[in-house]
1. Tell me the net charge near TYR50. Cut-off is 11 Å between Cβ atoms, TYR50 excluded, with +1 for each Lys or Arg and -1 for each Asp or Glu.
2. Return the sequence-ordered ³J(HN,Hα) values of region 138-149 in whole Hz as given by the Karplus equation 6.51 cos²θ - 1.76 cosθ + 1.60 applied to θ = phi - 60°, using x for Gly and Pro.
3. Mind sorting PHE30, PHE175 by how few other Cβ atoms lie within 10 Å of their own Cβ, fewest first?
4. Given H placed on each backbone N at 1.01 Å, which residues far from MET155 in sequence or on other chains put an amide H within less than 5 Å of it?
5. Take the alpha carbon atoms of region 107-181, find their radius of gyration, then divide it by 2.2 N^0.38 Å using N residues; give the quotient.
6. How large is ³J(HN,Hα) for each residue in region 31-39, as worked out from phi by the Karplus curve 6.51 cos²θ - 1.76 cosθ + 1.60 (θ = phi - 60°), to whole Hz, x for Gly and Pro?
7. Between their Cα atoms, which of LYS83/LYS178; LYS83/LYS138; LYS83/LYS146; LYS75/LYS117; LYS89/LYS138; LYS75/LYS143 are more than 29 Å away from each other?
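What follows is calculated from the coordinates using simple rules that are stated; it is not laboratory data. Just so you know, these numbers come straight off a predicted model, no measurement behind them. All Cβ positions, even for glycine, are placed from backbone atoms using ideal geometry, and neighbour counts span all protein chains on display.
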Amino acid sequence: MRKFILFITFLLGAVQLHAQCVANLNLTTFETVTPVVHQASNRIVASSGYGVSSGYNSTLRAGVLVELKGNTHIKSGSLFLAKIGPCGKVKARQMETSDKLVDALQLTVYPNPVTSKMNLSVDNMELATVTLASIDGKVISVKDVKNETSLEMEMAQYPSGIYLVTVETADGQVFRNKIVKN
């Protein structure tokens, strides 16, 4: 199997991406570099003691399974992505852990958890449609938004629970985020 480690140097210092592809990988300690990409052609298991601290970026990419066992700690403020897919080259653009995650980072939803009003915005992008769905995928609300880069959405009428917000921009990009309604 082809193995590689990619080092990228920035003006502010060196950042290391671990992009070595192995058959199986067991992670047991907190990440000590950021961003980091772990790849396995079969499975990645994050066991007791594995974690991603606030401010750290981690991507786990496996061909068959990514499993997070008990006592795995993904802290608030970290950027974490688990993805099923083949090992691949880590692109310079993946410094934010993945193409999809870079897109997700541009969607801002606050406050989360929400009680009455939720604010959403997509950095420097015009919104087209905002869809609110229950955690089981039932569409609750669809709002057509034109010529706006942000939206305030009333949430007081919805019961407590977990919801999915999907935002489509005018140029067709799709962003998703989970929110908690108290």
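1. With Lys, Arg at +1 and Asp, Glu at -1, the net is -1.
2. My calculation for region 138-149 gives 6, 6, 9, 8, 10, 10, 8, 10, 10, 6, 10, 10 Hz in order.
3. Numbers: PHE30 14, PHE175 22.
With the fewest neighbours first, PHE30, PHE175 line up as PHE30, PHE175.
4. Correct list: LYS117, MET118.
5. Details: Rg = 11.4 Å, N = 75, 2.2 N^0.38 = 11.3 Å.
The reported ratio for this selection is 1.00.
6. Values, residue by residue: 5, 10, 10, 8, x, 9, 10, 9, 10 Hz.
7. Working: LYS83/LYS178 17 Å; LYS83/LYS138 24 Å; LYS83/LYS146 33 Å; LYS75/LYS117 25 Å; LYS89/LYS138 37 Å; LYS75/LYS143 32 Å.
Distance filter (> 29 Å) returns LYS83/LYS146; LYS89/LYS138; LYS75/LYS143.
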